[in-house]
Structure formats: C-alpha cells, structure tokens
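Notes follow once the structure below has been shown.
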Amino acid sequence: MPDGQTLNSILSSYGISNVTGSGGGFNWWNLLSGFIFGIIGWYAFLHGKREKSWRPMVIGIVLMVYPYFVPNTLLAFAIGSALTAALYFWRG
C-alpha cells in the first residue's frame with residue numbers, strides 16, 4: 001500500500017490535491033476501522049428501525065459517524081469496540 005506522500009503524488013496527477021489533509025498521513029487502518037464499524041452501525045440502525053427500538057438506532061448512527069472525527073487509529077478501534085459491546089449488552 002502506498003504511503004501518504006506517494007498517494008498524494010499519484011492523485012495530484014489527476015488534479016486531486018492533498019487528500020491526506022494537514023495531519024500528514026493517509027492511514028489505511030483508519031479506513032478499515034471506519035468500514036468495519038460503519039457496517040456494524042448500519043446493521044444496528046436497520047435492526048433498531050425494524051424492531052422500533054431507539055437504542056440500537058442511536059448507537060448505529062454513532063458507529064457510522066464517529067470515524068470521520070477520530071484521527072487516532074487506536075482510539076477509533078477502542079471507541080468502535082466499546083460501542084459494539086454496548087450494542088451487545090444493551091440489547092433490550
């Protein structure tokens with residue numbers, strides 16, 4: 001997998017500039033955590049909607065949205081794991 005600088009140089013040839021942002025690096029693990037916990041959140045939201053239960057719907061929305069705001073990979077996995085555990089233990 002290319003690092004952030006290589007990715008920026010490849011994408012700049014297509015007219016796309018600075019996808020890594022000012023943080024200084026594109027992190028594949030953050031992308032993976034967002035994908036994994038986004039799918040779990042999507043399923044939780046749909047399950048809560050079908051069962052008319054607000055708790056899985058809210059946790060599902062949070063699981064789908066929080067990876068956009070957490071730049072630290074370990075923190076992203078910790079928050080996602082905690083929210084997934086909350087889904088498991090608070091399943092009314």
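The values are calculated or read from the model by the stated rules, or taken from the named source; none is laboratory data. Bear in mind the structure is a predicted one, so any value in this text is a computation, not a measurement. Neighbour counts are summed over all protein chains in view; Cβ atoms, including those assigned to glycine, are modelled from backbone coordinates with ideal geometry. With ligands, DNA and RNA removed, areas are computed over all heavy atoms of the protein, side chains included. Shrake-Rupley method; radii C 1.70, N 1.55, O 1.52, S 1.80 Å.
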Next on the checklist: At R0 = 25 Å, how high is the FRET efficiency between V58 and W29 if r is their beta carbon distance? Nearest 0.05 is fine.
Outcome noted: 0.45
Next on the checklist: Leaving out ligands, DNA and RNA, and with a 1.4 Å probe, what % of the accessible surface on the stretch 36-92 is carbon or sulfur?
Outcome noted: 72
Checklist outcome for this item: Scalar couplings 3J(HN,Hα) for the stretch 52-65 by Karplus 6.51 cos²θ - 1.76 cosθ + 1.60 (θ = phi - 60°), nearest whole Hz, x for Gly and Pro, are 6, 10, 6, 4, x, 5, 5, 5, x, 5, 5, 5, 7, 9
Item to check | Contour minus Cα-Cα distance for S81 and F69 (0.36 nm per residue) | outcome: 2.7 nm
Checklist entry - Can you work out ³J(HN,Hα) from phi for every residue in the stretch 76-87, in order, using Karplus 6.51 cos²θ - 1.76 cosθ + 1.60 and θ = phi - 60°, giving whole Hz and x for Gly and Pro? => result 4, 5, 5, 5, x, 5, 5, 5, 5, 5, 4, 4
Checklist outcome for this item: Sorting F35, F77 on solvent-accessible surface, 1.4 Å probe, most exposed first, gives F35, F77
